[in-house]
Structures are given as C-alpha cells and as structure tokens.
1. So which of Gln58, Gln8 ends up being surrounded by 14 or more Cβ atoms within 10 Å (Cβ to Cβ) and polar (S, T, N, Q)?
2. Mind counting the residues in segment 9-31 that are touching a residue at least 24 places away in the same chain (Cβ under 8 Å) and of a type in the set (Phe, Trp, Tyr)?
3. Of these, Glu53, Glu63, which one is over 15 Å from Thr9 (Cβ atoms), surrounded by 10 or more Cβ atoms within 10 Å (Cβ to Cβ) and touching a Lys or Arg at 6+ places or on another chain (Cβ under 7 Å)?
4. Considering only residues of segment 11-50 that are surrounded by 13 or more Cβ atoms within 10 Å (Cβ to Cβ) and among the acidic types (Asp, Glu), which is farthest from Ala77 (Cα to Cα)?
5. Restricting the search to segment 1-38, which residues are at pLDDT 90 or above, β-branched (Val, Ile, Thr) and either more than 14 Å from the chain's Cα centre (by Cα) or in a strand (DSSP E or B) (or both)?
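The values are calculated or read from the model by the stated rules, or taken from the named source; none is laboratory data. Please read all numbers here as calculations on a predicted model, not as lab measurements. Here the Cβ is made from the backbone with ideal geometry for all residues, glycine too, and neighbour counts use every protein chain on show.
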Amino acid sequence: MTPRYELQTWTLCDGWVNTWSVSDEAREAPETFATREDAQAALDEFLRDIQDEIDAGQREADEGYDLADFRIEEVAAGAP
C-alpha cells in the first residue's frame, strides 16, 4: 500500500490532528498528499500567505502561526 502524508496541527483539546481539508460540491474530506515534499510545499505556501497578510496589515503580527504547531506524518493510503 502506497503511503500518503498529512499535515497535522497541534490542538489543545485533541493533540495532533489533520485539520486540513479539501472539498467539492458534494463533500469535504481530510486532505492528504502523495509525498512528504508535497505536504511541506503546502505548509510553506500557507505560512507564506499568512505572513503576506501580516505584512499587508490584514492581520495583526500576533495572528500568525508557529511552525512548531505543525508536523507531517505518514498515514496509510486511503486513510481519512
């Protein structure tokens, strides 16, 4: 079985969980990635977008994210 990778976020109530999702008109599902590199690229883009919003004044400086609050984990193919 080919592994997949998910981005997990540290949450106070549930610990490490995959809070990333993809949706279409019919459903929403947890997002997984084919490679660790794809997951890292998505995280890097997300963090860049947040920093761009801070730089543009659309967010306060303390409304960013800490890289330590994210991790990439291998999961079984077909895992939610």
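1. Gln8
2. Here the count works out to 2.
3. Numbers: Glu63 fails: touching a Lys or Arg at 6+ places or on another chain (Cβ under 7 Å).
Testing whether each residue is over 15 Å from Thr9 (Cβ atoms), surrounded by 10 or more Cβ atoms within 10 Å (Cβ to Cβ) and touching a Lys or Arg at 6+ places or on another chain (Cβ under 7 Å) leaves just Glu53.
4. The residue in question is Asp38.
5. Correct list: Thr9, Thr11, Val17.
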